[in-house]
Structures are given as C-alpha cells and as structure tokens.
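Peer 1: Here it is, the structure in full.
The values are calculated or read from the model by the stated rules, or taken from the named source; none is laboratory data. As the structure is a computational prediction, the values presented were derived from the model and not from experiment. Neighbour counts are summed over all protein chains in view; Cβ atoms, including those assigned to glycine, are modelled from backbone coordinates with ideal geometry. All accessible areas refer to the heavy atoms of the entire protein, side chains included, with ligands and DNA or RNA removed. Shrake-Rupley method; radii C 1.70, N 1.55, O 1.52, S 1.80 Å.
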Amino acid sequence: QVRLVESGGGLVQAGGSLRLSCAASGTIFRINAMDWYRQAPGKQRELVARCFSGGGTHYADSVKGRFTISRDNAKNTVYLQMNSLKPEDTAVYYCAAATGSGNYDWGQGTQVTVSS
C-alpha cells in the first residue's frame, strides 16, 4: 500500500497562489501515476491534474494554464502549484496514487478555500 500525506492547503484571496504537497511512502514502486483530485461541497470528486510515471501530465480544462503538477522523485513527493485561484477552486484536495488495475491509494485531503 502507498501512504500519502498532503499539506499546503489554506485560505487565500482570489487571484492568489498556493502550493500543495503530497509525500508518498510504502510500496511506491507500484505507482503508475500521481493525481490530484478535488471535491467541493455537494459535488462529485473530480480529477484536477495527473502526473504519469513517464513524466507526462494531464489537466482538467478548468485549471489549465493556472495549475501545474510536478514531482520530486528524490523526495517521493508530488506538488500542485495553484496560481490565479478562483472562488470556484474551493474544495478539499486529495492526492491519489494509481497503482494499476484501477486501484488507487488516497491521502486524507487538505482544504483549500478561496475568498472573493
């Protein structure tokens, strides 16, 4: 199992920036991709960004050009740099590790609140 610990959430004004971190431990050799998801109140959890083990990335249309996912393999950590934040970005953000066959390990989540 992969254990994930997120940090970096908080309260920020619209237009501001935050950087989320997700530190992985455990069976990290099984990780195919690292994802950031978010879930706003009353809404379904949605994929925000994905970083494949080969280095490719994918972003939801709503965050393209504003968010950047990156990873530091030496630290087993993936980051989500969030710029130009909007109130609609308010959500609990979750880090997830895809370990194949549709399996995911999840972090505990970190709250991001963007005030208008």
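Peer 1: How about the chain: what cysteines have no other cysteine beta carbon under 4.7 Å from their own?
Peer 2: Among the cysteines of the chain, those whose Cβ sits 4.7 Å or more from every other are 51.
Peer 1: Straight distance only, please: which lysines reach the Cα of residue 86 with their own Cα at less than 17 Å, same-chain residues fewer than 8 apart left out?
Peer 2: Reachable lysines: 43, 64.
Peer 1: Sticking with this one: Using only C-alpha atoms and all pairs of different ones, pull out the Kirkwood radius for the chain in Å with one decimal.
Peer 2: Evaluated over the chain, this radius sits at 14.1 Å.
Peer 1: Rolling a 1.4 Å sphere over the protein heavy atoms, what is the accessible area per residue of the chain, to the nearest Å²?
Peer 2: Numbers: 6000 Å² over 116 residues.
Dividing the accessible area of the chain by its residue count gives 52 Å².
Peer 1: Among 72, 89, 105, which one moves the most in a GNM of the chain with springs linking Cα atoms closer than 10 Å?
Peer 2: Answer for the Gaussian network model of the chain: 72.
Peer 1: Find out how many positive minus negative residues lie around residue 67, taking Lys and Arg as positive, Asp and Glu as negative, among other residues whose Cβ is under 12 Å from that of residue 67.
Peer 2: In short, +4.
Peer 1: Next question. Rg over Rh of region 53-116, using C-alpha atoms and the Kirkwood radius, what does it come to?
Peer 2: Using Cα coordinates only, the ratio equals 0.98.
Peer 1: Another question, if that's okay. In whole percent, and with a 1.4 Å probe on the protein chains, what portion of the accessible area of the chain is carbon and sulfur?
Peer 2: It is 47 percent, rounded to a whole number.
Peer 1: Using alpha-carbon pairs under 8 Å, 6+ residues apart, how would you state the relative contact order of region 35-116 in percent? Please report the intermediate quantities before stating the final value.
Peer 2: Values: 134 pairs, mean separation 21.7, N = 82.
Across region 35-116, relative contact order equals 27 percent.
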